[in-house]
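*Asks:* My structure is below; once you've seen it, I'll send some questions.
Each value in this text was obtained by applying a stated rule to the coordinates, not by laboratory testing. Every value quoted in this text rests on a predicted model; they were computed, and no experiment measured them. Cβ coordinates were reconstructed from backbone atoms using ideal geometry, including for glycine residues, and neighbour counts include every protein chain displayed.
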Amino acid sequence: MIITSPSVNSLLNPQTLAADWPGGFWWHWVLFTIIVIAVVIVMVMGYIYMARRQIGRMQSRVGPNRTGPFGLLQPIADVLKVLLKEGITPTNVDKTVYWLAPIVGLFPVFSIFAVMPFTNGGMLANLNVGILYVVAISSISTVGMFMAGWSSSNKFSLISAMRVVAAVVSYEIPVLLSIAGVLLLSGSLSMNDIVLAQDIPFILLQPLGFIVFFIAGLAEISRSPFDLLEADSEIVAGFHIEYSGIKFALFYLVEYGEAFLLSCLISTLFLGGWRGPWLPEWMWFIAKGVLVWFVMVWLWATLPRVRIDQMMALAWKFLLPLALINLVVTAIQVLTLPEGSLWVMIPVNFVITAVLILLWSKNSKLGWGRVEV
Amino acid sequence: MKFERYGLGIAKGLSVTLKHMFRHPTVAQYPEQKLNTSRRIRGNELVWDRQKCTGCGTCAKTCPQGVIKIVTSTNRVNNRYEVEKYQVDTGYCIQCGLCVESCPYQTLFMGYAYERAKYRRGELVQNMEDMMLESGKKQPSGYFYPEIAQELPRQTLLVERITEEE
């Protein structure tokens, strides 16, 4: 996949437009936008299939295996089924908000992939504030979820919506602080430059930052064990309880699109993005994303759901201080260590990570003031 | 210091799920793969030996659901009852097996078959012709008859398949 990078500069500067494209630059832009959206949708289908198969095997089942070879067409069958369903709008819903919510949820997920470097410079827009854009836009889909929960006039969906907001507001902070650690090392906000800076993958230089980002990211896209917003046993299906048919399909797409997004982000920020030997660059990128998704589904199949107070306590008492310390330590290391000797950080940071996690685990309390450990 | 509290517990859980991923699943793909049922299964049909049946009607009397219907006539030449009608409504049968246990001449057996789902309740009524042992189509289960159970195939247990592969 060859995607040249029409950056914001090229939008403003007509000399840099891809002149060999008939009709000029805009065709080019539209074509590659469609390609990126198609890639996202195909990958979401792949992720859904992989998650169902993997969870099946981890629960000693087989998983979907009837539709097509190895059940590969299962996501397509699901999509067809859900598209043919009747779209029911309950009487008491706030109609405008109810109809807008899936679109508000879906739009940011797709727009973030504009700055995702699938190959070296293979991105729709090489923004020099790439990661800032990602962080800013990704919060918008929370608004969509809150709109859905609020407008449904349903107690369960409202509880779920409040939980989404609480979780995202709390976990945004550790996410940002752990990203800041990466930015200190890379010295750039551009996603492509972050990958280019990773001669050593940042997971080795920033183990604590990686752990914090991974946990907080799981909470932010509300994947298990932080899937409180759709805790089936207490609030049925959460914010999309009143949605059916194509609107439900859009929320499903948002859910897995965000999972794809998080795995791509982790692969870009910590695992070296498209960098790797032998294979084509985009293949490395996808492979690392799939690896992250494997771990996420693995956790999903293993861990029980946390309570809401445990979730908040984890964000504010555990992840936030650790992320802050990580940021300060990284800043000191970047300032004091001479150029080219960043590898010294690897053992030091692993020791710091282990010590801090042990210390903070000792401090953390569960509900009712009961001290664990 | 208990390391379970520092993430070792999570690691143990993760290793369990990972192990499950690489072992044989504990399910069978039903219409294609069929497992051998228990040799003493109380299947949802009855098998009846016409030759040995004396038409005493003990089975019908024992049945708590009252679903066995038996009509006999007297055959004075052979000095025995002839069974005119023998019918079980398996839709009401609770598979208690009392009819089989009570039969004084060991002519009634639970069936080994379990795939007798029908679209209409009426189709569940099992007539005399469709429960004969002599027809050879009906396999009696080993319930209450250990000698029959001996000849039936051993029950397949998916647990064994998992432990073999581990």
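*Asks:* State yes or no: is A:Val168 under 15 Å from the mean Cα position of the chain (by Cα) and not in a loop (DSSP other than H, G, I, E, B)?
*Replies:* Values: under 15 Å from the mean Cα position of the chain (by Cα): yes; not in a loop (DSSP other than H, G, I, E, B): yes.
Yes.
*Asks:* May I pose another question? Looking only at the stretch A:274-309, how many residues end up being farther than 19 Å from A:Gly46 by Cα and within 14 Å of another protein chain (Cβ to nearest Cβ)?
*Replies:* The qualifying residues number 5.
*Asks:* From the list A:Trp278, A:Trp284, A:Trp274, exactly one residue is touching a residue at least 60 places away in the same chain (Cβ under 8 Å) and among the hydrophobic types (A, V, I, L, M, F, W, C). Which is it? Let's see the steps before the verdict.
*Replies:* Working: A:Trp278 fails: touching a residue at least 60 places away in the same chain (Cβ under 8 Å); A:Trp284 fails: touching a residue at least 60 places away in the same chain (Cβ under 8 Å).
Among A:Trp278, A:Trp284, A:Trp274, only A:Trp274 is touching a residue at least 60 places away in the same chain (Cβ under 8 Å) and among the hydrophobic types (A, V, I, L, M, F, W, C).
*Asks:* Mind listing whichever residues of the stretch A:328-351 are under 19 Å from A:Leu176 (Cβ atoms) and within 26 Å of the chain's Cα centre (by Cα)? It would help to see each step written out before you state the result.
*Replies:* Here is the first cut: in the stretch A:328-351, the ones under 19 Å from A:Leu176 (Cβ atoms) are A:328-331, A:334.
Once the filter is applied, which keeps residues that are under 19 Å from A:Leu176 (Cβ atoms) and within 26 Å of the chain's Cα centre (by Cα), the stretch A:328-351 yields A:Val328, A:Val329, A:Thr330, A:Ala331.
*Asks:* Out of the stretch B:39-56, which residues are buried (at least 17 other Cβ atoms within 10 Å of the Cβ) and out of contact with any Phe, Trp or Tyr (no Cβ under 8 Å at 6 or more places or on another chain)?
*Replies:* As a first pass, look at the stretch B:39-56 and keep what is buried (at least 17 other Cβ atoms within 10 Å of the Cβ): B:39-49, B:53, B:55.
Listed by number, the residues that qualify are B:Arg39, B:Glu45.
*Asks:* Another question, if that's okay. Output the residues belonging to the stretch A:65-102 that are closer than 30 Å to B:His20 by Cβ and either in contact (Cβ under 8 Å) with a residue 40 or more places away in the chain or within 12 Å of another protein chain (Cβ to nearest Cβ) (or both). Explain how you work it out, then say what you get.
*Replies:* Keep residues of the stretch A:65-102 that are closer than 30 Å to B:His20 by Cβ, which gives A:65-79, A:81-82.
Listed by number, the residues that qualify are A:Asn65, A:Arg66, A:Gly71, A:Val79, A:Val82.
*Asks:* A further question follows. How many residues does the stretch A:153-167 contain that are touching a residue at least 60 places away in the same chain (Cβ under 8 Å) and more than 16 Å from A:Gly105 (Cβ to Cβ)? Before the answer, list the steps.
*Replies:* Here is the first cut: in the stretch A:153-167, the residues touching a residue at least 60 places away in the same chain (Cβ under 8 Å) are A:153-154, A:156-157, A:159-161, A:163-164, A:166-167.
Within this subset, residues satisfying the condition of being more than 16 Å from A:Gly105 (Cβ to Cβ) are A:153-154, A:156, A:159, A:166.
So the answer is 5.
*Asks:* I've got another one for you. When only residues in the stretch A:103-148 that are assigned to a loop (DSSP other than H, G, I, E, B) and aliphatic (A, V, I, L, M) count, which is farthest from A:Glu281 (Cα to Cα)? Let's see the steps before the verdict.
*Replies:* At the first step, the residues of the stretch A:103-148 found to be assigned to a loop (DSSP other than H, G, I, E, B) are A:116-129, A:139.
Retained after the next criterion (residues that are aliphatic (A, V, I, L, M)): A:116, A:123-125, A:127, A:129.
On the way: A:Met116: 13, A:Met123: 12, A:Leu124: 16, A:Ala125: 18, A:Leu127: 20, A:Val129: 23 Å.
Residue satisfying both the conditions and the ranking: A:Val129.
*Asks:* Name the strands (runs of 3 or more DSSP E) wholly within the stretch B:13-119 that hold at least 1 residues that are without any contact (Cβ under 8 Å) to a residue 40 or more places away in the chain, among the hydrophobic types (A, V, I, L, M, F, W, C) and more than 14 Å from every other protein chain (Cβ to nearest Cβ)? So that I can check it myself, show each step before the final result.
*Replies:* Details: elements: B:46-48, B:68-75, B:80-89, B:108-110.
Filter on the stretch B:13-119 gives B:68-75.
*Asks:* Given (1) of a type in the set (A, V, I, L, M); (2) within 23 Å of the chain's Cα centre (by Cα); (3) in a helix (DSSP H, G or I), where does A:Ala354 come up short, assuming only one miss?
*Replies:* (2)
*Asks:* Condition test on A:Ala51, is it within 14 Å of another protein chain (Cβ to nearest Cβ), in contact with a helix residue (DSSP H, G or I) (Cβ under 9 Å, 6 or more places away or on another chain) and either closer than 30 Å to A:Gly130 by Cα or not acidic (Asp, Glu) (or both)?
*Replies:* Details: within 14 Å of another protein chain (Cβ to nearest Cβ): yes; in contact with a helix residue (DSSP H, G or I) (Cβ under 9 Å, 6 or more places away or on another chain): yes; either closer than 30 Å to A:Gly130 by Cα or not acidic (Asp, Glu) (or both): yes.
Yes: the conditions hold for A:Ala51.
*Asks:* If you don't mind, there's one more thing I want to ask. Name the residues in the stretch B:14-38 that are surrounded by 13 or more Cβ atoms within 10 Å (Cβ to Cβ), more than 30 Å from B:Leu108 (Cβ to Cβ) and not hydrophobic (A, V, I, L, M, F, W, C), would you?
*Replies:* Listed by number, the residues that qualify are B:Thr17, B:His20, B:Arg23, B:His24, B:Pro25, B:Thr26.
*Asks:* Next question, about the same structure. Return the total of residues in the stretch B:23-45 being closer than 19 Å to A:Ser60 by Cβ and touching a helix residue (DSSP H, G or I) at 6+ places or on another chain (Cβ under 8 Å).
*Replies:* Selection size over the stretch B:23-45: 7.
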